[in-house]
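The values are calculated or read from the model by the stated rules, or taken from the named source; none is laboratory data. Values in this document were obtained by computation on a predicted structure and should not be read as measured data. All Cβ positions, even for glycine, are placed from backbone atoms using ideal geometry, and neighbour counts span all protein chains on display. For the accessible areas, the whole protein counts, side chains as well, though only heavy atoms, and no ligand, DNA or RNA atoms are used. Shrake-Rupley method; radii C 1.70, N 1.55, O 1.52, S 1.80 Å.
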Amino acid sequence: MTAPADLEFMAGLLAAWGFPPGTTIIRAEQGTNNQTFMLRQGGIRFVIRISQTLSAAQVDAEHRILQRLRQAGLPFQVPEPVAALSGDTVIETAAGPATVCRWIPGVRPDLTGQTALERFGRAAGLLDEAMLGVPPEDGRGDWRGNPLAHPAVPHVGALCRQLRAAGISAERVARLDTVSRRVEQEWLAGDGALPTQIIHGDLAASNVLVDEDTGEVSGLLDFEFAGVGFLVQDVMAALFYSGALETRDWQLRTAAFLRGYTSVRPLDAAEADALPRLLLARAVGSALSRAGRWLNGKAQLSEVADRIRKLEDTTRWLGTNGGKLRSLAAAGGHG
């Protein structure tokens with residue numbers, strides 16, 4: 001249950017949405033970007049999210065995207081914001097903008113099997129297809145920019161010196177610096193040929209729900225990072241975070257996801273060619289993002305070291321398998 005101080009704060013929010021006294025409040029697992037609470041009123045469940053990173057205007061834009069998606073006839077659910085008594089779906093609080101959404105039934109997927117990955121891929125393709133008409137101004141930002149750009153990390157070289165002084169090994173710091181330079185050079189070379197639109201931006205397995213009985217995708221969550229990006233970035237993020245690339249049978253698992261995705265939206269030659277370098281850019285961006293949180297006192301140094309290890313693993317993996325990944329993507333997971 002929430003701590004007493006939280007309960008007083010939550011009571012005000014519950015009143016704003018008209019929830020009666022006695023509504024059950026359970027704090028969900030703490031995330032990086034939000035505080036989340038589960039509510040139960042009789043047999044009906046809701047989710048309260050208090051954003052730590054978005055402004056009220058950005059949450060409003062996210063809600064416009066969700067409204068459009070709920071009208072798109074998708075075979076799975078996306079969050080449905082509930083209006084407060086004021087008529088607003090976002091309320092400013094001292095802790096950040098608060099929203100209430102209806103609970104979506106489902107469980108986290110087991111993505112070790114090819115069938116689950118193919119279903120996930122198809123859901124991702126359907127989502128991207130449905131987001132084609134979303135106006136760019138409704139996106140949080142533009143994810144096509146240099147992945148090394150981070151407000152808390154103005155210069156990678158300076159960050160590397162700070163990490164070295166804090167105790168990260170010289171070899172590991174040098175690797176971060178070298179790969180970051182490579183990613184910046186490849187990014188600056190341009191990806192102008194890649195199809196662009198509003199994308200989800202964070203298609204991790206943790207943002208997917210499946211029906212416990214059938215295994216079919218029942219919901220896609222967390223659209224707070226939805227913004228203008230290269231369409232293939234959603235494919236890259238799903239593969240990066242699903243674990244599909246991390247096993248000996250990675251080709252079978254990756255092919256399954258790609259078959260699902262390309263059954264809705266085939267990748268073109270430029271997208272297939274870009275996939276390995278986008279994966280490397282994502283790994284660098286992940287390490288720098290965590291380093292930025294460390295610089296701001298919001299993450300442990302060990303977390304940064306873990307992200308750098310992940311970057312090292314990704315670099316080695318792409319050196320061996322990048323060409324095979326391109327071929328699989330070009331074939332849409334077939335052959």
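Numbers for the structure displayed
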quantity: From Gly87, Gly121, Gly73, Gly106, residue being among the small types (Gly, Ala, Ser), surrounded by 18 or more Cβ atoms within 10 Å (Cβ to Cβ) and on the phi > 0 side of the Ramachandran plot; calculated: Gly106
quantity: Boolean, Leu295 is out of contact with any strand residue (DSSP E or B) (no Cβ under 8 Å at 6 or more places or on another chain), aliphatic (A, V, I, L, M) and touching a residue at least 24 places away in the same chain (Cβ under 8 Å); calculated: no
quantity: Val82 vs. criteria farther than 20 Å from Val228 by Cβ and touching a Cys at 6+ places or on another chain (Cβ under 9 Å); calculated: yes
quantity: Only one of Ala329, Ala244, Ala287, Ala281 that is in a loop (DSSP other than H, G, I, E, B), open to solvent by less than 30 Å² (accessible area, probe 1.4 Å) and in contact (Cβ under 8 Å) with a residue 12 or more places away in the chain; calculated: Ala244
quantity: Residue within the stretch 262-272 that is more than 22 Å from the chain's Cα centre (by Cα), free of Cβ contacts under 8 Å to residues at least 12 places away in the same chain and surrounded by fewer than 23 Cβ atoms within 10 Å (Cβ to Cβ) present; calculated: no
quantity: Options Arg40, Arg45, Arg68, Arg64; residue that is touching a residue at least 40 places away in the same chain (Cβ under 8 Å), open to solvent by 80 Å² or more (accessible area, probe 1.4 Å), more than 21 Å from Ala204 (Cα to Cα) and in a strand (DSSP E or B); calculated: Arg45
quantity: Failed item, numbered, when Arg181 is tested on (1) open to solvent by 10 Å² or more (accessible area, probe 1.4 Å); (2) of a type outside the set (Gly, Ala, Ser); (3) outside any helix (DSSP H, G or I); calculated: (3)
quantity: Residue, farthest from the chain's Cα centre (by Cα), within the stretch 274-297, restricted to residues that are farther than 18 Å from Ala238 by Cβ and of a type in the set (Lys, Arg); calculated: Arg293
quantity: Residue count for the stretch 298-326, restricted to those that are in contact (Cβ under 8 Å) with a residue 24 or more places away in the chain and part of a loop (DSSP other than H, G, I, E, B); calculated: 0
quantity: Within the stretch 137-165, tally of residues that are open to solvent by less than 50 Å² (accessible area, probe 1.4 Å), farther than 19 Å from Asp202 by Cβ and in a helix (DSSP H, G or I); calculated: 6
quantity: Residue selected from the stretch 210-240 under the condition out of contact with any helix residue (DSSP H, G or I) (no Cβ under 8 Å at 6 or more places or on another chain) and surrounded by fewer than 20 Cβ atoms within 10 Å (Cβ to Cβ), by the criterion nearest to Thr314 (Cα to Cα); calculated: Gly219
